[in-house]
Amino acid sequence: MSYHLIIGDYAYSSWSLRGWLLFEKFGIARRETLIDFSDEAGVAQQIAEAAPAKTVPTVITDDGVAISDSLAIAEELASRHPEAGLWPSDPKCRAVARTLAAEMHSGFGDLRGDCPMNLRVAYADSAPRDEVLADVARLETIWAWARETCGATGPWLCGDYSAADVFYAPVAARLAGYSLPMSEMAEAYVMAHLRDPAFQAWRALGLEQGATLPWYKKDYPVKDWPI
Ligand SMILES: N[C@@H](CCC(=O)N[C@@H](CS)C(=O)NCC(=O)O)C(=O)O
């Protein structure tokens, strides 16, 4: 099986980071095309070959299907590569992992809206609104629930690194990048993502490639990236 993975800007495209980690962390080969977020042509126009897909990440399979949603990509790769271990093998932990990935995929609108992923900068204080703090509290609740239910003792939510962790990698970047207040447990999880070699490789690409896009800039005091 071969795949063509189309991704957006390394520094700013949180969904693309998820799509890329689904391949990179589970050793699945693909060729990649990078979409330019600074191009006047929007994403849909740039990925016209993958129509009706209109967002990134999009994966084109060798049988010609454009999978244009990160959760669908996770499920399809898990089905096609059962040996890769995208979801935990234990049914109980797999249910937990899927629940967490799905909640991320459909939720946390305030956090996502106020704190867009930006791997080029970290802010010392982002004056979070109560709604954003409520999203952080919810993250802490479900992260703790996952760890407890799966008996996780290492860095990841459901035991070994799984697709659930993929979905929270950009969330970790937001919590760290906007200096959001969090518990010790959450901070340890966030730092595990920031230290992850795959995440670091992606961020390094984001520092090297692509334009700095002014519409992501926030007027908060800047600090060094936490790691
Ligand atoms: N539900 C989609 C969301 C993908 C998405 O919104 N991607 C953004 C980039 S991070 C995009 O392509 N935006 C371009 C547009 O909306 O025109 C997923 O899970 O992959």
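The values are calculated or read from the model by the stated rules, or taken from the named source; none is laboratory data. Computed from a predicted structure; not experimentally measured. All Cβ positions, glycine included, derive from the backbone under ideal geometry; neighbour counts span all protein chains shown. When the accessible area is computed, the model is the full protein with side chains, heavy atoms only, and any ligands, DNA or RNA have been set aside. Shrake-Rupley method; radii C 1.70, N 1.55, O 1.52, S 1.80 Å.
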Q. List pairs: first in the range 195-207 and closer than 17 Å to Trp156 by Cβ, second open to solvent by 40 Å² or more (accessible area, probe 1.4 Å) and of a type in the set (Lys, Arg), Cβ under 8 Å, 6+ apart or cross-chain?
A. Ala198/Lys25
Q: Evaluate the following for Gly85: is it on the phi > 0 side of the Ramachandran plot and surrounded by 13 or more Cβ atoms within 10 Å (Cβ to Cβ)?
A: yes
(Q) Could you tell me how many of the residues in the range 174-194 are open to solvent by 80 Å² or more (accessible area, probe 1.4 Å) and touching a residue at least 60 places away in the same chain (Cβ under 8 Å)? (A) 0
Q.
Tell me whether the range 156-170 contains one or more residues that are in contact with a Gly (Cβ under 6 Å, 6 or more places away or on another chain), closer than 27 Å to Ala72 by Cβ and not small (Gly, Ala, Ser).
A. no
Q: Identify all residues within the range 32-52 that are of a type in the set (A, V, I, L, M) and either near the ligand (Cβ under 9 Å from one of its atoms) or surrounded by fewer than 19 Cβ atoms within 10 Å (Cβ to Cβ) (or both); write none if there are none.
A: Leu34, Ile35, Ala41, Val43, Ala44, Ile47, Ala48, Ala51
